[in-house]
Amino acid sequence: MAAGLPSEAGLPAADGPPGALILVPGLAFDRGGRRLGRGGGYYDRFLSKRGNPASGGKRGMYAVGLCMECQLVKRVPAGRDDQNMDGVLTEKGLLIFGNFHYTVDHGTN
């Protein structure tokens, strides 16, 4: 575990309404949804608890990486426990991976 990061017991619950967005920072992302973090695995452990929206995961929350366009690279190395993003948002737009279908319910109130 990287210094200064909470232990597994210190992770917040990955709980929210179905379709909620989790905004995830990173050092780099690729067009396959892979993310390069800082090596502590904090976000990967947290995101592994959210379920997979594309396959009907019970929590169904979407992970969207945030970065500048210059942080998109050809390929990010990925390990067994790395969690892919459902999309990446840059200053130039939103890249969508897999079955990421997000709609906004503005309600009638």
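When LEU23 is tested against the conditions (1) at pLDDT 90 or above; (2) among the aliphatic types (A, V, I, L, M); (3) surrounded by 13 or more Cβ atoms within 10 Å (Cβ to Cβ), the lone failure is (3).
Quick one: how many residues across the stretch 39-77 are assigned to a loop (DSSP other than H, G, I, E, B), more than 13 Å from GLY26 (Cα to Cα) and at pLDDT below 90? Residues meeting the conditions: 11. GLY107 falls short on exactly one of the conditions (1) modelled with pLDDT under 90; (2) on the phi < 0 side of the Ramachandran plot; (3) surrounded by fewer than 15 Cβ atoms within 10 Å (Cβ to Cβ), and that condition is (2).
The values are calculated or read from the model by the stated rules, or taken from the named source; none is laboratory data. Just so it is clear, the model here is predicted, and its values are computed rather than measured. So basically every Cβ, Gly included, is an ideal-geometry build from the backbone, and we count neighbours across all protein chains shown.
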